[in-house]
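The values are calculated or read from the model by the stated rules, or taken from the named source; none is laboratory data. Being a predicted model, the structure only gives us computed values, none of them experimental. Cβ: placed from backbone, ideal geometry, glycine included. Neighbour counts: every protein chain shown.
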Amino acid sequence: MTANMDAELYSRIFCALLIALVGSLVFLGAGRAWMVVGAKLQRRNPFAEYILREAGHRVRQNLQDLDKRYYLFLSSLPVYGLLLVVAFALQSEPLPYDVQEWVWPALSALVIAVSLVLPFQVVKLKRSRSRLAFRRTANIAVGHALQRIASRGYNVYHDVRVGKHVIDNVVIGAKGAYAVNVFVLGNHRARNGTARLDDSNLVFGKARTSAPIGISVNRVSGLSKELSKVIGHPIRVRSVIAVPGWNVAATDSDNHLLVNEKNVVMLTGWTDPDTYLMDDDVGQIHDYLAARCVNGKQTPN
């Protein structure tokens, strides 16, 4: 008698777990479909062509997309719990299958294991959100610091697409063109260490990496080619590497300038007569970049 009662209880538990899991997955599918349809049906901003991108524009967009997925999975947890309670409470009869007693606990454990994907995704998205939120804040800090040089005759553009790449900030003035690429390191928080340039490597504390240098070279080279076509003669774009949250050591490199969010404005003092631009050149470049950086045009991730 006791064995039969246990089998009935375990079969009801399995059924409730399965209903909760399937219902939660249906909820996730419906939520994801609604997000896709909502994005397709979103009305176009009538003023988009007059609004330039702000600092950290694409990172902010990525964070908004991640937030939607995070809150969707987070909402699935109470849906799972509610369906589990209701399904167990309303089901008075066990499943009409004559199986061995151990089968129902085993199947229940399997469903529980599969169900763990929901809280796992919540934790994973939460961690990703923390990293991306830190990256967004760092990009905004650098972008806003660059706005301080606007009064000195410089124009600042954000998220400039160059081929398959995106330059975080481009600064154009009579004394030259600068590409400011922001590299965020520090695992969700600012670091108190010192970053420095060492030949073709960027050194963070005791860690050495050449990735930021190579990425900057590719992006700056592409921008130089595009702007040269715009004004009809070669132009040299100077590479600025911003590492917000890190102290930076002075460098003698003529290829790159290393800055953080506090001293990024010092790029205006990094000049060379060979990089100076005529007023007509600045005007043509402004028209070109302003058209490329309107808020209505998307930038790649």
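Quick check on the stretch 190-205. Is at least one of its residues in contact with a helix residue (DSSP H, G or I) (Cβ under 7 Å, 6 or more places away or on another chain), under 28 Å from residue 61 (Cα atoms) and surrounded by fewer than 16 Cβ atoms within 10 Å (Cβ to Cβ)?
No, every residue in the stretch 190-205 fails to be in contact with a helix residue (DSSP H, G or I) (Cβ under 7 Å, 6 or more places away or on another chain), under 28 Å from residue 61 (Cα atoms) and surrounded by fewer than 16 Cβ atoms within 10 Å (Cβ to Cβ).
Whether any residue in the stretch 287-294 is outside any strand (DSSP E or B), charged (D, E, K, R), out of contact with any Lys or Arg (no Cβ under 6 Å at 6 or more places or on another chain) and more than 19 Å from residue 158 (Cβ to Cβ) is what I want to check.
There is no residue in the stretch 287-294 that is outside any strand (DSSP E or B), charged (D, E, K, R), out of contact with any Lys or Arg (no Cβ under 6 Å at 6 or more places or on another chain) and more than 19 Å from residue 158 (Cβ to Cβ).
Can you name every residue in the stretch 163-172 that is of a type outside the set (Gly, Ala, Ser) and either surrounded by fewer than 15 Cβ atoms within 10 Å (Cβ to Cβ) or modelled with pLDDT under 75 (or both)?
164
Kindly provide the set of residues from the stretch 110-153 that are modelled with pLDDT under 90 and surrounded by fewer than 19 Cβ atoms within 10 Å (Cβ to Cβ), ordered by number.
Those that are modelled with pLDDT under 90 and surrounded by fewer than 19 Cβ atoms within 10 Å (Cβ to Cβ): 147, 148, 150, 151, 152, 153.
Show the residue pairs meeting these rules: Cβ distance below 8 Å; 6+ apart or different chains; first residue within the stretch 148-165 and of a type in the set (S, T, N, Q); second residue surrounded by 13 or more Cβ atoms within 10 Å (Cβ to Cβ) and part of a strand (DSSP E or B).
These pairs meet every condition: 155/171; 155/172; 155/173.
Can you tell me which condition residue 253 does not meet? The list is (1) outside any loop (DSSP other than H, G, I, E, B); (2) in contact with a Leu (Cβ under 7 Å, 6 or more places away or on another chain), and all the others hold.
Tallying (1) outside any loop (DSSP other than H, G, I, E, B); (2) in contact with a Leu (Cβ under 7 Å, 6 or more places away or on another chain), residue 253 fails exactly one: (1).
Considering every residue within the stretch 173-187, establish whether at least one is in a loop (DSSP other than H, G, I, E, B), in contact with a strand residue (DSSP E or B) (Cβ under 8 Å, 6 or more places away or on another chain) and surrounded by fewer than 22 Cβ atoms within 10 Å (Cβ to Cβ).
yes
Testing residue 231 on (1) touching a residue at least 60 places away in the same chain (Cβ under 8 Å); (2) in contact with an Asp or Glu (Cβ under 6 Å, 6 or more places away or on another chain), one condition comes back false. Which one is that?
Failing condition for residue 231: (1).
Here is a list of conditions, (1) modelled with pLDDT of 85 or more; (2) of a type outside the set (Val, Ile, Thr); (3) part of a helix (DSSP H, G or I), and residue 261 meets all of them except one; can you say which number that is?
(3)
In the stretch 189-243, how many residues are among the hydroxyl-bearing types (Ser, Thr, Tyr) and either in a helix (DSSP H, G or I) or at pLDDT 80 or above (or both)?
6
Inside the stretch 1-35, can you point out the residues that are among the β-branched types (Val, Ile, Thr) and either at pLDDT 90 or above or part of a loop (DSSP other than H, G, I, E, B) (or both)?
19, 22, 26 - these are the residues of the stretch 1-35 that are among the β-branched types (Val, Ile, Thr) and either at pLDDT 90 or above or part of a loop (DSSP other than H, G, I, E, B) (or both).
Does any residue of the stretch 64-83 turn out to be closer than 30 Å to residue 235 by Cα and buried (at least 19 other Cβ atoms within 10 Å of the Cβ)?
no
Could you check the stretch 266-283 and list, in sequence order, the residues that are modelled with pLDDT of 90 or more and among the β-branched types (Val, Ile, Thr)?
Residue satisfying the conditions is 282 alone.
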